[in-house]
Amino acid sequence: MSSATGSDFGLAAATPSLPGADPSIIRVGGTYYAAKVTGGGISVRASATLAGFVDVPPKQIWLDPGMGEIWAPKITRINGRYHVYFSAGRSADHRMYVISSDSPDSGYGAERKLALPNDKWAIDGSAFTFGNQLWFVWSGWSGDTNVEQNLYIARMSDPTTPTGSRHIISQPRESWERVVGNPYINEAPIPIKDPNGQLHIAYSANGSWSDRYCIADLRLRSGGDPTYVWDWYKSNGCQFGSHRDTMMKGWDPTLFVDGPGSHTFALVNGDIANSPPSGNTFPIMYHAVPKGTPYSWSNRDWMIGRAVWWGSSTYTRANVPGDPSNTGFGLKFFE
């Protein structure tokens with residue numbers, strides 16, 4: 001398939017919205033809300049368009065009381081209330097926290113630490129409902145040292161209370177997600193539901209300090225158990241990346257940006273029940289560095305893009321329990 005660009009969807013190719021990393025966007029009615037780390041904590045912007053965020057001043061919703069590095073706030077709406085999940089801490093102390101409000105851009109209370117099972121290093125958490133159960137998915141360490149970042153899932157009894165055990169659903173063990181590492185990385189897991197009702201976790205792989213950063217897909221088999229690792233099928237390569245040698249067969253590398261990753265689907269209320277149908281492109285935002293600009297964390301921008309459900313996408317695997325292949329919807333991403 002030949003590459004498409006953002007201009008095919010009424011946007012200039014690789015349209016930047018804001019400087020920075022780890023975008024998080026939801027749509028409420030006709031308004032988009034974006035949560036972002038600012039110098040003193042976390043802010044929210046409101047805009048009628050994704051491109052309009054650049055002209056909107058941030059509205060501070062939470063001030064850091066001295067918790068250390070604040071990373072990747074994720075905003076969502078659950079049962080009529082807004083929750084912003086974020087990671088805070090220094091070095092090995094990073095854990096997940098949440099603040100909550102009845103309004104998307106004001107009225108948030110004090111932070112509350114999520115009591116994730118095992119209480120290990122954790123970042124990039126997202127809450128979602130699937131199969132009449134509230135879940136939390138995040139990136140974390142197996143133990144107390146930074147060997148690799150895995151993806152974990154746990155049940156929640158309410159939006160601020162994890163319950164039961166954590167369950168690993170992905171490790172960075174494929175060659176294409178170990179191009180840049182030490183540690184090797186699976187992070188920024190973002191849930192979405194495909195037109196067949198199957199759960200996907202689109203995540204970022206390879207070191208975010210490298211232009212090898214990319215987005216890949218986990219697809220839960222139809223009727224599968226989200227807590228059972230072998231019910232998840234991983235794409236056979238990146239589905240959004242800037243290097244052809246790591247791309248899944250049939251997926252093309254980017255033309256205008258390097259290292260796309262840490263994306264967000266701009267879903268209504270941030271709820272995967274409102275995931276888009278097949279047939280049409282739908283808006284996303286991701287961070288990347290424009291080609292021709294030296295790749296560094298400080299040069300990342302939020303970029304406006306599009307995605308589309310891509311049918312009959314077969315993911316294969318070997319030497320593990322379960323069927324060796326699974327066919328269903330995948331994701332095509334466009335700058």
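How many of the residues in region 90-102 are open to solvent by 30 Å² or more (accessible area, probe 1.4 Å) and on the phi < 0 side of the Ramachandran plot? Please lay out each step first, then the result.
The initial filter retains those residues of region 90-102 that are open to solvent by 30 Å² or more (accessible area, probe 1.4 Å), namely 90-93, 95, 97, 102.
Imposing the further condition that a residue be on the phi < 0 side of the Ramachandran plot reduces the set to 90, 92-93, 95, 97, 102.
Here the count works out to 6.
Each row is one residue, and each column tells you yes or no for (1) exposed (fewer than 14 other Cβ atoms within 10 Å of the Cβ); (2) acidic (Asp, Glu); (3) in a loop (DSSP other than H, G, I, E, B); (4) touching a Cys at 6+ places or on another chain (Cβ under 6 Å).
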site: 273; (1), (2), (3), (4): yes, no, no, no
site: 279; (1), (2), (3), (4): yes, no, yes, no
site: 283; (1), (2), (3), (4): no, no, no, no
site: 287; (1), (2), (3), (4): no, no, no, no
site: 294; (1), (2), (3), (4): yes, no, yes, no
site: 303; (1), (2), (3), (4): no, no, no, no
site: 307; (1), (2), (3), (4): no, no, no, no
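What pairs come up if the first residue lies in region 180-194 and is over 29 Å from residue 26 (Cα atoms), the second is in a strand (DSSP E or B), and their beta carbons are under 7 Å apart, counting only those six or more places apart or on different chains?
183/148; 183/149; 184/148
Determine which member of the set 270, 261 is in contact (Cβ under 8 Å) with a residue 24 or more places away in the chain and farther than 23 Å from residue 28 by Cα.
Values: 270 fails: farther than 23 Å from residue 28 by Cα.
Unique residue meeting the criteria: 261.
Is it the case, given these coordinates, that residue 157 is farther than 28 Å from residue 235 by Cβ, surrounded by fewer than 21 Cβ atoms within 10 Å (Cβ to Cβ), in contact with a strand residue (DSSP E or B) (Cβ under 6 Å, 6 or more places away or on another chain) and in contact (Cβ under 8 Å) with a residue 60 or more places away in the chain? Reasoning before the result, please.
Details: farther than 28 Å from residue 235 by Cβ: yes; surrounded by fewer than 21 Cβ atoms within 10 Å (Cβ to Cβ): yes; in contact with a strand residue (DSSP E or B) (Cβ under 6 Å, 6 or more places away or on another chain): yes; in contact (Cβ under 8 Å) with a residue 60 or more places away in the chain: no.
In short, no.
Quick one: count up the residues across region 23-79 that are among the hydrophobic types (A, V, I, L, M, F, W, C), within 19 Å of residue 305 (Cα to Cα), outside any strand (DSSP E or B) and open to solvent by 10 Å² or more (accessible area, probe 1.4 Å).
The total comes to 4.
If you scan region 229-267, which residues turn out to be over 21 Å from residue 289 (Cα atoms) and either open to solvent by 20 Å² or more (accessible area, probe 1.4 Å) or part of a loop (DSSP other than H, G, I, E, B) (or both)?
Keep residues of region 229-267 that are over 21 Å from residue 289 (Cα atoms), which gives 229-236, 248-250, 267.
Those that are over 21 Å from residue 289 (Cα atoms) and either open to solvent by 20 Å² or more (accessible area, probe 1.4 Å) or part of a loop (DSSP other than H, G, I, E, B) (or both): 229, 230, 234, 235, 236, 248, 249, 250, 267.
Take region 144-154 and flag every residue that is free of Cβ contacts under 8 Å to residues at least 40 places away in the same chain and in a strand (DSSP E or B).
Of everything in region 144-154, those that are free of Cβ contacts under 8 Å to residues at least 40 places away in the same chain and in a strand (DSSP E or B) turn out to be 148, 149, 150, 152, 154.
The values are calculated or read from the model by the stated rules, or taken from the named source; none is laboratory data. The shown structure was predicted, so the numbers you read here are calculated from the model rather than taken from an experiment. Virtual Cβ from ideal backbone geometry, glycine too; neighbours counted across all protein chains shown. Just the protein is used for accessible areas: all its heavy atoms, side chains included, with ligands, DNA and RNA removed. Shrake-Rupley method; radii C 1.70, N 1.55, O 1.52, S 1.80 Å.
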